[in-house]
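Right, one structure below, let's go through it.
The values are calculated or read from the model by the stated rules, or taken from the named source; none is laboratory data. Nothing here was measured: the structure is a model prediction, and the numbers come from that model. A quick note on method: Cβ atoms are made from the backbone with ideal geometry, for glycine too, and the neighbour counts reach across all protein chains shown. Just the protein is used for accessible areas: all its heavy atoms, side chains included, with ligands, DNA and RNA removed. Shrake-Rupley method; radii C 1.70, N 1.55, O 1.52, S 1.80 Å.
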Amino acid sequence: MGPVPFPIPSDEALRASTLADYHVLESPPELEFDRLVQLASRLFSVPIALISLVASDRQVFKARVGLDVCETDRDVSFCAHAILSDEVMVVPDALEDPRFAANPLVLGAPFIRFYAGKPLVTPGGQRLGTVCLIDTQPRATFSQSEQDNLSDLAELVMDRMELLRLAHVRTVGQARFENIAVTSPDAIICTTDVGAITFWNHAAERLFGYTSEEVTGRCGSLVVPDSWRAAYFEDLARLREGAAMSAAGQTIVRSGLRRDGSEFPAEISLSSWREGRATSVGAIVRDITERRRNEDRLYRLASLDALTELPNRAAWRACIQDTLEQGTPVSVLLLDLDGFKEVNDTLGHSAGDQVLKMVAARLKAECPDARMIARLGGDEFVLLLAGDDRRGASAVADALVRALSRPYDLPGHVFEIGASVGIALYPAHGARAEDLLGAADLALYRAKAAGKGRYVVFERAFREVAVARREFERELRRAFEQDQFALLYQPQIDLRDGRIRGAEALLRWQHPTRGLLSPVSFIDVLAQKPIAPAVGEWIMRTACAQARGWRERVPGFRIGVNLFEAQVRSAQLRNVVERVLGETGLPPEGLELELLENTMIRHDGALLQVLQALRAMGVGLAFDDYGTGFASLSLLKRFPVSRLKIDRSFIRDVISDPEDAAIVRAVIYLGRSFGLEVIAEGVETKAQLDFLAANQCTQAQGYLFGRPMTAQAFTSELARAAVLP
C-alpha cells in the first residue's frame, strides 16, 4: 500500500500561477531564508526545518537545515496536505496517521515521525507552501504557543517572498510596475538619476506622511536620514557616471525618515533602468519595525532560557564554539545544585522555579565579568571565564559554592541547598567544545561523589576512570543478557520460637573472571542504568517463584525483595507486581517489597497512591535500613508501611555502644506504637540476640541464623529445620 494521494486545492490553477509569479522556485538561495530555518531548528529543537514550496508536481525546499535533498515528488509531500489548512497542521506520529503511515519518507529516509507545517499565504490568499518542522521521533504535543511561534515565522518568510516578488516585477516594464505599485502594501518610489521623485504610491504616502503631490519633483533625500544621506548621493553620482549603484539588485536595511522627523528600520530593494537617454531609480521600501520586534522575540526564545533569561544550551554551544575557534584560553565551570530536587518535591515546581531564578541572579552578581553564564537545563548551569588560570578559576568556583549555599527565602519557607562545581581549562583539558564540557562534567561528578558542596578541577586520570566505568556498565548489561546474575537467600527468624518465617532475596553477580561478586561492588552503578527496572523485575519474578514452593512447606512464608529507585519512579510498579504474582502463583501476602526511606521521601507524591494500592492487595512494605536516612516520623503515619528493618550498623555495637542501643530500643518502640513488625538485620552473636529478645524485637536475620545461600541450600535448610506451622 502506497502513500495516500495528495489532495488538490480548489484554486490549484490560480495557486500554481501565483507561485510562478514569485519566481522563487529556481532563484538562487536567500541568506535570510537560511537564517530563518536555522532559527526554527533551534527554537523548536528539531533536526529538520524547511521552507517548502509546493509546485504542481513537486515540492521544492527553498531553504533547509538537516536535510540533504532539494526537492521531492508532491505525492509524498506532507506540505501538500498542510497547504489546505488555515492553521498549523500537526502530525504527532506519522506512523499512527493513515495519511502518512505508508509514506516512503516515513518508512525510509528521512524517517519522518513528527511534522508541523504552517502555510505560506500570499496577500491574495493563495497558499504557496509551508514553513515546516520535522523530527525523527514522535512528539506527543505541540503547544498553542509553539504553533503561534511557527505562524510568526511563516509571516516573516512570506514578507520576504513578497519583497522579492515586487523586486522582480520591477524588471518587466514600467507600465506593469506602476499598475501593480498602486495597490502594493509596500512603499514604492521612483526618482531620476539626480534624485527627483517621479513616482510615489499610496503606501509611500502612509509610510512617510507626504502626499504624492507634495513630493513629486523634490529630491528623494527628503526621506533619507543623515546617517546614510552621503552614501545616497554617492550612489546617484555613480549612476550618472555610467556605473551601477552599490546596492542595485540587493535588499538592504537602512533607516527611513518620516515627515515628523522620526526614523524607522526599513528594508529597501533598489534597482535602476534606462528609459531612452534617462536613467531612473526604483526603491521598494518596507517598514520592518514589527518584523524586527517579532524576529527579536523569536531569536530570544531560541537563545535564552525562558525561566532564568540566561543564555540556553544552544547559545552556549555557539559561544564556546566561537571562543575555541579564536584559540583564546578560557575556563569552563559546570555547576549543579545539591538538594534542589527536595525543593520541588517538598514545595512544588513553582517554588523550584523561584529558586532557579534566584540562583541565576546570584551567578550574575558573583561573576559580572564572565563571558557567558548559561543554563543548560534542569538545575545545571555553566560559566565561561576568560583565561585558563587554575587558581583563579578555583577561587571563582569557591565563591560560587559559598554564594549558592546561602539560604533561599521563599514565601513561608527558608530553604538551603548547595552547589558542586567541575572545572575544565582550555587548551589544557580539551581542544573541542564537547571534550571541554565533558572534562568539566567528569570533574563535577568527582565533586558530587566527594560529598557535594565543593569544586574539583579536571585531571586526566578522571577520563581513564570514566572509560573504565563505561566498560563496567557494558559488562553489567552483558551480565544481565547472559544470565550471570544470581539470587541468594538469607533466612528471617521469628525470635519467639526460633523458626524460619521468611527470607530476603539478595543479588549476586557470577562474574566470568572475578568470581562471585557481592552487591557492594556493582549495585550503585547498576541502580543508575536503564536496565535497572528489568533486573529488578527479574529479581522479583525469580524470588517469588522460589517463595511459592517454600510457602507450601512454611505457611505464611514471606520473601523480601529490594526495589531499585528506578522501579519506584516507574508508573508501572503496580502492574509489574500484579504480573509477577500472577505468573508465579505467589499470593500477595507472600511478598514484601523493601524500600529505602530516602527513596520514599523523594517520591512521596505519586508513590503514595501506588504503595496504598499494593498494600490493599496484601503485599508487605518494609522500610529498609531504617534509621540511617532522613525520614521523619510523619512518614510512618503517611505511608502504608508494614515493617521496619533495623540497619546492621546499629546492631553491630548494640552491646558496647549506648547510643546504638538507644536507637534500637527507639525503633522497636516506634514499631510497636505504630502497629508495625520490626526485624533486626546483621545479628551475629548470642549477646545481640539476647538484647533484641529482651527488648521485644520479634524477628531477626544475620549470620547467627545463616549466611545468604542458594535456593537449593535454603530448601535443604527448611527440610533440616523441619519447620511446622
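Take the conditions touching a residue at least 60 places away in the same chain (Cβ under 8 Å), of a type in the set (S, T, N, Q) and either surrounded by fewer than 21 Cβ atoms within 10 Å (Cβ to Cβ) or touching an Asp or Glu at 6+ places or on another chain (Cβ under 8 Å) (or both) and apply them to Q490. Does it pass? Yes; evaluated as a whole, the condition is true for this residue.
For the range 378-404, the tally of residues that are open to solvent by 30 Å² or more (accessible area, probe 1.4 Å) and within 26 Å of the chain's Cα centre (by Cα) stands at 3. Of all positions in the range 204-216, none carries a residue that is touching a Leu at 6+ places or on another chain (Cβ under 6 Å) and of a type in the set (A, V, I, L, M, F, W, C). Looking across the range 634-671 at every residue that is polar (S, T, N, Q) and either under 18 Å from Y703 (Cβ atoms) or more than 38 Å from the chain's Cα centre (by Cα) (or both), the one that is modelled with the lowest pLDDT is identified as S649. For the range 560-583, the candidate set comprises residues that are within 20 Å of W509 (Cα to Cα) and modelled with pLDDT of 95 or more; within that set, the residue that is surrounded by the fewest Cβ atoms within 10 Å (Cβ to Cβ) is G560. The residue that is farthest from L164 (Cα to Cα), counting only those in the range 103-125 that are over 30 Å from the mean Cα position of the chain (by Cα) and small (G, A, S), is G125. Condition check: open to solvent by less than 50 Å² (accessible area, probe 1.4 Å), at pLDDT below 90 and assigned to a helix (DSSP H, G or I). Does A543 satisfy that? In short, no. Filtering the range 168-192 to residues that are charged (D, E, K, R), at pLDDT 65 or above and part of a helix (DSSP H, G or I) leaves only E178.
Being surrounded by fewer than 17 Cβ atoms within 10 Å (Cβ to Cβ), farther than 28 Å from D389 by Cβ and over 19 Å from the mean Cα position of the chain (by Cα): is that true of G339 here? Answer is yes for this residue. Counting only strands (runs of 3 or more DSSP E) that sit wholly inside the range 373-486, those with at least 1 residues that are among the small types (G, A, S) are 380-386, 418-426. Restricting attention to the range 11-35, the residues being among the aliphatic types (A, V, I, L, M), surrounded by 15 or more Cβ atoms within 10 Å (Cβ to Cβ) and within 11 Å of S56 (Cα to Cα) number 2. Cβ-Cβ contacts under 9 Å between residues 6 or more apart (or on different chains), taken from a first residue in the range 5-16 that is more than 23 Å from P98 (Cβ to Cβ) and part of a loop (DSSP other than H, G, I, E, B) to a second residue that is at pLDDT 90 or above and small (G, A, S), are listed as D11/G125. Going by the conditions given, is D68 of a type in the set (D, E) and in contact with a Pro (Cβ under 8 Å, 6 or more places away or on another chain)? In short, no. Every listed requirement among (1) small (G, A, S); (2) surrounded by fewer than 15 Cβ atoms within 10 Å (Cβ to Cβ); (3) under 17 Å from E267 (Cβ atoms) is met by A204 save one, (2). Every test in (1) closer than 30 Å to K686 by Cβ; (2) free of Cβ contacts under 8 Å to residues at least 12 places away in the same chain; (3) of a type in the set (V, I, T) is passed by V467 save one, and that test is (1). State whether the residues of the range 44-62 include one that is over 31 Å from the mean Cα position of the chain (by Cα), open to solvent by 40 Å² or more (accessible area, probe 1.4 Å) and charged (D, E, K, R). Yes: the range 44-62 contains one or more residues that are over 31 Å from the mean Cα position of the chain (by Cα), open to solvent by 40 Å² or more (accessible area, probe 1.4 Å) and charged (D, E, K, R).
Only strands (runs of 3 or more DSSP E) whose full extent lies in the range 81-153 are considered here, and the ones with at least 2 residues that are in contact with a helix residue (DSSP H, G or I) (Cβ under 6 Å, 6 or more places away or on another chain) are 114-121, 127-135. Applying the condition of being out of contact with any strand residue (DSSP E or B) (no Cβ under 8 Å at 6 or more places or on another chain) and of a type outside the set (A, V, I, L, M, F, W, C) to the range 520-535 and asking which residue is most open to solvent (accessible area, probe 1.4 Å) yields Q528. As for the range 462-485, it holds no residue that is within 21 Å of L595 (Cβ to Cβ), open to solvent by 20 Å² or more (accessible area, probe 1.4 Å) and among the aliphatic types (A, V, I, L, M).
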